[in-house]
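S.K.: Sharing a structure, written as structure tokens. Questions coming.
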Amino acid sequence: DTEVTQTPKHLVMGMTNKKSLKCEQHMGHRAMYWYKQKAKKPPELMFVYSYEKLSINESVPSRFSPECPNSSLLNLHLHALQPEDSALYLCASSQVFGNSPLHFGNGTRLTVT
Amino acid sequence: AQTVTQSQPEMSVQEAETVTLSCTYDTSESDYYLFWYKQPPSRQMILVIRQEAYKQQNATENRFSVNFQKAAKSFSLKISDSQLGDAAMYFCAYRSAGAGGTSYGKLTFGQGTILTVHP
């Protein structure tokens, strides 16, 4: 069983829709991450939250809006996406950096039509 | 910026045999951490092994071990007694140990190696 839970597992949305991806962890981790992954490619970092504050934004388009309501939850709000945004979106958590490994969720498979 | 290179897009191994996956990285830092992750078709990324750059001893986790050559900036993964469940995409990753900076906490991944295990 994964310790990082992502919902939904699959999502299909039109380009005019607004949707949200959710991520939850109860390991006491204070760093949380969003990654985007295309098939057979490495994960690409999108955002990092440290102590519930956004610490890294990898120049992600504003149609992706992250939110960290508390230390256990991480959301990714989606609006006016493009078909090229279709990908696997992975959430991860860790202790705040150092040699602490990232614990990943199973991801949300997003398809934009 | 740090870069991580995995020069083997695909590798294959017979069950029970040993295979080594290559990883090199480029950094000007002296203190950092290195990781190997596996991603099976079920798509969850799972930590395989990690190495602190300040440690000379190579990390070992059961059938998995690394050959860490700091001067050569090389971090290969050896899988012994390969099993069918080892089939996955393997990613090498780098993280700086330095606090602060705009990339603090960032994990940089290599391009990955797809490992096939033949029965």
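S.K.: Using a simple spin-label model with points 7 Å from Cα along the Cα→Cβ vector, what separation in nm is obtained for residue A:3 and residue B:28?
M.R.: That separation, rounded to one decimal, is 3.6 nm.
S.K.: Figure the gain on full extension for residue A:113 and residue A:27 (residue separation times 0.36 nm, minus the Cα-Cα span) and round it to one decimal in nm.
M.R.: 27.4 nm
S.K.: Excluding residues fewer than 8 places away in the same chain, name every one of the aspartates and glutamates whose C-alpha is closer than 14 Å to that of residue A:19.
M.R.: A:67, A:85
S.K.: Amide H of residue B:32: which non-local residues (sequence gap of 5 or more, or other chain) have their own amide H closer than 5 Å, using H built in the peptide plane?
M.R.: Here B:53, B:54, B:97 satisfy the definition.
S.K.: Pull up all non-local amide H partners of residue B:116: gap of 5 or more, or a different chain, and H-to-H distance under 5 Å with H placed in the peptide plane.
M.R.: B:11, B:12, B:13
S.K.: Sticking with this one: Under 5 Å between amide hydrogens, which residues at least 5 positions from residue A:80 or on another chain qualify, with H placed 1.01 Å from N in the peptide plane?
M.R.: Here A:17 satisfy the definition.
S.K.: Further question on the same structure: Which of rounded, prolate or oblate describes chain A when judged by the alpha-carbon gyration tensor and an a/c cut-off of 1.5?
M.R.: prolate
S.K.: Quick one: what are the phi-derived ³J(HN,Hα) couplings along segment A:72-85, Karplus 6.51/-1.76/1.60 with θ = phi - 60°, whole Hz, x for glycine and proline?
M.R.: Result, ordered by residue: 9, 10, 9, 10, 10, 8, 10, 8, 6, 6, 10, x, 6, 7 Hz.
S.K.: Return the sequence-ordered ³J(HN,Hα) values of segment A:12-19 in whole Hz as given by the Karplus equation 6.51 cos²θ - 1.76 cosθ + 1.60 applied to θ = phi - 60°, using x for Gly and Pro.
M.R.: Using θ = phi - 60°, the values come out as 10, 9, x, 5, 9, 6, 10, 9 Hz.
S.K.: Counting Lys +1, Arg +1, Asp -1, Glu -1, what net charge surrounds residue B:82 among other residues with beta carbon under 11 Å of its beta carbon?
M.R.: It works out to a net charge of -2.
S.K.: Given a Förster distance of 30 Å, report the FRET efficiency between residue A:15 and residue A:58 from their Cβ-Cβ distance, rounded to the nearest 0.05.
M.R.: In this case the efficiency is close to 0.85.
S.K.: Right, here's the next one. Under unit Cβ charges (Lys, Arg +1; Asp, Glu -1), what dipole magnitude, rounded to 20 debye, does the protein assembly as shown have relative to its Cα centre?
M.R.: So the dipole magnitude of the protein assembly as shown works out to roughly 420 debye.
S.K.: Just list whichever of A:36/B:55; A:18/A:53; B:38/B:73 have alpha carbons separated by over 27 Å in the model shown.
M.R.: A:36/B:55
Every number in this text was worked out from the coordinates using simple rules, so none of it is lab data. All of these numbers come straight from a predicted model, not from anything done at the bench. Cβ atoms come from the backbone with ideal geometry, glycine included; neighbour counts cover every protein chain shown.
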